[in-house]
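The values are calculated or read from the model by the stated rules, or taken from the named source; none is laboratory data. Since the structure is predicted, the reported quantities are computational estimates derived from the model, not experimental observations. Cβ atoms come from the backbone with ideal geometry, glycine included; neighbour counts cover every protein chain shown. To get the accessible areas, we keep the full protein, side chains included, count just its heavy atoms, and leave off ligands, DNA and RNA. Shrake-Rupley method; radii C 1.70, N 1.55, O 1.52, S 1.80 Å.
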Amino acid sequence: MGKVKIKRKSTLIDMTAMSDVTVLLLTFFMLTSTFLAKEPVTVITPASVSEIKVPTSNVTSVLVSPEGKVFLSVLGEADIDSNDESWSSEGVRKTALLSAASKYEEVTGKKTGITQADAEKFAKIGAFGVRLDKMHEFLALDQSKQDEFMGDPDNAAAGIPLTDIVYQNADGGTEKTNEFQIWMRAFYNSGNSNLQDAMKKGEGIAVKADRGTNYSTLHEILDNLQTIKMNRFSVMTALKTEND
């Protein structure tokens, strides 16, 4: 009796449909994902059980390095429907830089040398931490040099100073401020009323400090916010896991 021959079937699988689905999924995730902004320093936040997310628009972030240096970033409207670009992130940054430079020159009597061209460059920068009297020089550097400038923990010009500036007001009395307060007021008065409202409610100010940052530094920053009547803010943390 002859052997029964089993017809061999082809093992070839048509992957065309799967490739199409993969490309569609990749496209979907690329278009809907929110990319993290580059930060000047690496910060490992303490863990907590809070699941409240920081807004992705109309928010000012205060970043504190392990060494206690302060960096700032600001985001305006995510989508601009009108022709008024002053509400965008770049528009807020340009306005804030010129306003902060003007106030600094007023209270110190020193010239910063910051120009409109500097403001255009500054508008492209995310997080920053530079003394105002060094900002013009900083903006003349290329991006890699700017990263080195801010990332160097030994650079005295890196970080937003919290040192008091004592000056004479219009009534002849003395007042004091510092560059951190000048910047926060500049963001608040940038012309974006949605950002201003968010800062009033506390949704528009987020403080992100490293878990190794000295508490006295963080306390000083929060005290500065309260001094300028910004009493509502959130402190960013990482979600606590079973191992924490």
Checklist entry - Does Ile182 fit the bill of being of a type in the set (Val, Ile, Thr), touching a residue at least 12 places away in the same chain (Cβ under 8 Å) and not in a loop (DSSP other than H, G, I, E, B)? => result yes
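Conditions (1) under 23 Å from Arg131 (Cβ atoms); (2) in contact (Cβ under 8 Å) with a residue 12 or more places away in the chain; (3) surrounded by 13 or more Cβ atoms within 10 Å (Cβ to Cβ), marked per residue:
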residue	(1), (2), (3)
Ala158	yes, yes, yes
Pro161	yes, yes, yes
Ile165	yes, yes, yes
Ala170	no, no, no
Lys176	yes, yes, no
Gly204	no, yes, yes
Arg211	no, yes, no
Asp223	yes, no, no
Ser234	no, yes, yes
Item to check | Among (1) among the charged types (D, E, K, R); (2) over 24 Å from Asp223 (Cα atoms); (3) in contact with a helix residue (DSSP H, G or I) (Cβ under 7 Å, 6 or more places away or on another chain) - the single one Glu137 does not satisfy | outcome: (3)
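Show me the helices (runs of 4 or more DSSP H) entirely contained within the range 83-154 in which 3 or more residues are at pLDDT 95 or above and open to solvent by less than 70 Å² (accessible area, probe 1.4 Å).
Ranges flagged: 89-108, 116-122, 135-139.
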Checklist entry - Somewhere in the range 182-197, is a residue in contact with a strand residue (DSSP E or B) (Cβ under 6 Å, 6 or more places away or on another chain), polar (S, T, N, Q) and open to solvent by 50 Å² or more (accessible area, probe 1.4 Å)? => result no
